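Here is the structure we will look at, set down as structure tokens.
The values are calculated or read from the model by the stated rules, or taken from the named source; none is laboratory data. Owing to the predicted nature of the structure, the values given are computational and were not obtained by experimental measurement. In this analysis, Cβ positions are derived from the backbone assuming ideal geometry, glycine residues included, and neighbour counts consider all displayed protein chains. Please note that ligands, DNA and RNA were not included when accessible areas were found on the heavy atoms of the full protein model with its side chains. Shrake-Rupley method; radii C 1.70, N 1.55, O 1.52, S 1.80 Å.
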Amino acid sequence: QVQLVESGGGLVQPGGSLRLSCAASGSIIYIYDMGWYRQAPGNKRELVAAIISGGSTTYADSVKGRFTISRGNAENTVYLHMNSLKPEDTAVYYCNRYPSPSVSWGQGTQVTVSS
């Protein structure tokens, strides 16, 4: 059974940067298309970025040019590099399969952008 663990969140000022990590156990996620999702209070969970097995990526319009999704050298890691963070990026961030998040959701990692 695949388990996903997200980390790297925190409190950052507007304009700052963070790198989120997604580590998987129980399976090899490099063979999967993977996505980063986020959920802000009162909002539905939304896709932020995705990477497919061939390396192509896709991003939500709200984060294009600021966020980058990548795979780590370790096959079971996926990263989300976030630059030029805005208060509206505040949310709990999760990783899961893309386009259908079929793995049990992890606890996520909180990102708070505030001065």
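I need the full set of residues from the range 87-115 which are out of contact with any Asp or Glu (no Cβ under 9 Å at 6 or more places or on another chain) and among the hydrophobic types (A, V, I, L, M, F, W, C), in order please.
Val103, Trp105
Suppose we filter the range 40-96 for residues that are hydroxyl-bearing (Ser, Thr, Tyr), within 17 Å of Gln110 (Cβ to Cβ) and in a loop (DSSP other than H, G, I, E, B); how many remain?
1
Considering only the range 71-115, how many residues are of a type in the set (Ser, Thr, Tyr) and under 12 Å from Glu6 (Cα atoms)?
Keep residues of the range 71-115 that are of a type in the set (Ser, Thr, Tyr), which gives 77, 79, 84, 90, 93-94, 98, 100, 102, 104, 109, 112, 114-115.
The next check asks that each one be under 12 Å from Glu6 (Cα atoms); those that pass are 77, 79, 93-94, 109.
Qualifying residue count, the range 71-115: 5.
Determine whether the range 5-14 contains at least one residue that is open to solvent by less than 40 Å² (accessible area, probe 1.4 Å), at pLDDT 95 or above, in a strand (DSSP E or B) and under 21 Å from Val103 (Cα atoms). Step through it out loud before you land on a result.
Looking only at the range 5-14, we keep the residues that are open to solvent by less than 40 Å² (accessible area, probe 1.4 Å), and these are 6, 8-10, 12.
Checking the rest, the ones that are also at pLDDT 95 or above come to 6, 8-10, 12.
If we keep only those that are in a strand (DSSP E or B) too, we end up with 6, 10, 12.
Subsequent filtering for residues that are under 21 Å from Val103 (Cα atoms) retains 6.
Yes, the range 5-14 has at least one match.
Suppose we filter Ser102, Ser70, Ser56, Ser115 for residues that are over 12 Å from the mean Cα position of the chain (by Cα), open to solvent by 20 Å² or more (accessible area, probe 1.4 Å), of a type outside the set (Phe, Trp, Tyr) and closer than 23 Å to Gly15 by Cβ; which single one remains?
Numbers: Ser102 fails: closer than 23 Å to Gly15 by Cβ; Ser70 fails: over 12 Å from the mean Cα position of the chain (by Cα); Ser56 fails: closer than 23 Å to Gly15 by Cβ.
Being over 12 Å from the mean Cα position of the chain (by Cα), open to solvent by 20 Å² or more (accessible area, probe 1.4 Å), of a type outside the set (Phe, Trp, Tyr) and closer than 23 Å to Gly15 by Cβ holds for just one of Ser102, Ser70, Ser56, Ser115, which is Ser115.
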